[in-house]
Amino acid sequence: MTERPETTSRFPELGFYGLPGHTRTPRDVLKQVQDAEELGIGNVMLSERPDYKEIGAICGACAAVTESIHIGTSATNQNTRHPVVTASLGSTLSALSNGRFALGLAKGINLRWRAWGVPIATYEREREFVELVRRMWRGETIVGHDGALGEYGALGLAPYVDEDIPILYVGFGPKSLRHAGKIYDGAHLHTFMSDQALSNAIAQYREGEAEAGKPAGHGKIWSVFATVCDEGEEAYLKKIVARLATYLQVPGYGDTLVEINGWDKEVLARFRSHDAVTSVKGAIDSVASTAQIAEVSKLIPEEWRPAAVGDAKTCARRWVDQFEAGADGIIIHASTPKEFAPVLSEYEKIRPAHLFEGRTNRPGGHTR
């Protein structure tokens, strides 16, 4: 295995979402990730959208301007790249960042995959993909593969490639989390999960780990937690309401979020059929005006908005709640490092430091 030192920041248990939500200015992430590193944040997680958020380009840019923060995809998809291309992306980013890269994979949305004409991710495809990528990172060449992913004459990078890169699952469905516990090195959950839903999800992942015979707590489980500190109504609408509304718009995706939280499905149905939602021609967090989001807000109950909102002390207390519910780490969503810096100051005063002794920035377990 290529030996690279593991980095440890002041807060290895904290990560943040770079470029949260929609963006047309991806260069913003360069300042965000440098600010986070200066604050002592251990991880940056980066999502992918097919406009200005191509994941390899953004991760490479983050690696080039930082030294200690770990950089992960949260997420890209197994079915949008050839296995060799994804394996090469991982090995390149790991070497470029001096071992600070983690690959986060999500199943994605079936409607999109049908539109794009790519295979829909299944549990067997997922398991096979993870296994093949790990083997290629060990320098193996796989000859004559014939399985759920298809037939390949030969898959491999080079015999001198030797990387130990964590692969994390990104999702929140109960069956998917049990499966993830068997094959992944950790998991990123989802924004707007209640504390009870978070605890349930962690238990489901741990069940999968146990079934696979892994050591208890092998993988790190990350709560993705929206944070809006001392900002006005417009910011709240855009960062909390619009983002949640966008998730609820998507068939299947929004339904699962409602189900795991125990919310009322009839409320979801009324939300989707209401003129305030149907009149928005696209994703609400991308194209809706503030006035439109304000109308949408009236359709979403307050209890559907679990997040850290308010002054810095209130938000810091909500961060600690996530650890008390069983999370190993928090991915701070919706706010930039500059915006959540006051919360970090309050969090440091009440931080359960004993939970993080000996912790490094690596966001998942080792594969070997």
Taking strands (runs of 3 or more DSSP E) that do not extend beyond the stretch 131-175, which have at least 3 residues that are surrounded by fewer than 18 Cβ atoms within 10 Å (Cβ to Cβ)?
-> 141-147, 150-156
Exactly one of 104, 99, 156 is of a type outside the set (Asp, Glu) and over 27 Å from residue 44 (Cβ atoms), and that residue is 156
Using the structure shown, decide if residue 323 is part of a helix (DSSP H, G or I), among the aromatic types (Phe, Trp, Tyr) and within 18 Å of residue 229 (Cα to Cα).
-> no
Of the listed residues (335, 345), the one being at pLDDT 95 or above and assigned to a loop (DSSP other than H, G, I, E, B) is 335
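Do any helices (runs of 4 or more DSSP H) lying entirely in the stretch 263-308 carry at least 1 residues that are at pLDDT below 95 and under 27 Å from the mean Cα position of the chain (by Cα), and which ones are they?
Where helices (runs of 4 or more DSSP H) fall fully within the stretch 263-308 and carry at least 1 residues being at pLDDT below 95 and under 27 Å from the mean Cα position of the chain (by Cα), they are 284-287.
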Within the stretch 266-296, residues being under 15 Å from residue 236 (Cα atoms) and either of a type in the set (Asp, Glu) or not assigned by TED's automatic domain parsing to the domain that holds residue 251 (or both) number 2
Starting from residues that are aliphatic (A, V, I, L, M) and in a helix (DSSP H, G or I), keep the ones in the stretch 6-59 and report whichever is farthest from residue 343 (Cα to Cα).
-> 57
When you go through 203, 210, 187, 197 one by one, which is the residue that is among the aliphatic types (A, V, I, L, M), within 15 Å of the chain's Cα centre (by Cα) and either modelled with pLDDT of 95 or more or assigned by TED's automatic domain parsing to the domain that holds residue 15 (or both)?
-> 187
Residue that is surrounded by fewer than 19 Cβ atoms within 10 Å (Cβ to Cβ), in the same structural domain as residue 172 (by TED's automatic domain parsing) and under 30 Å from residue 175 (Cβ atoms), where the choices are 81, 24 = 81
With respect to residue 74, is the statement that it is modelled with pLDDT under 95 and surrounded by 19 or more Cβ atoms within 10 Å (Cβ to Cβ) true?
-> yes
Working only within the stretch 94-130, note down all residues that are hydroxyl-bearing (Ser, Thr, Tyr) and outside any helix (DSSP H, G or I).
-> 97, 122
Mind checking which residues of the stretch 327-368 are surrounded by fewer than 22 Cβ atoms within 10 Å (Cβ to Cβ), within 17 Å of the chain's Cα centre (by Cα) and small (Gly, Ala, Ser)?
-> 365
Residue 316: passes all of (1) touching a helix residue (DSSP H, G or I) at 6+ places or on another chain (Cβ under 6 Å); (2) assigned to a loop (DSSP other than H, G, I, E, B) but (2)
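The values are calculated or read from the model by the stated rules, or taken from the named source; none is laboratory data. Fair warning: this is a prediction, and the values are worked out from it, not measured in the lab. When we count neighbours, we look across all protein chains shown, and the Cβ atoms used for this are built from the backbone with ideal geometry, even at glycine.
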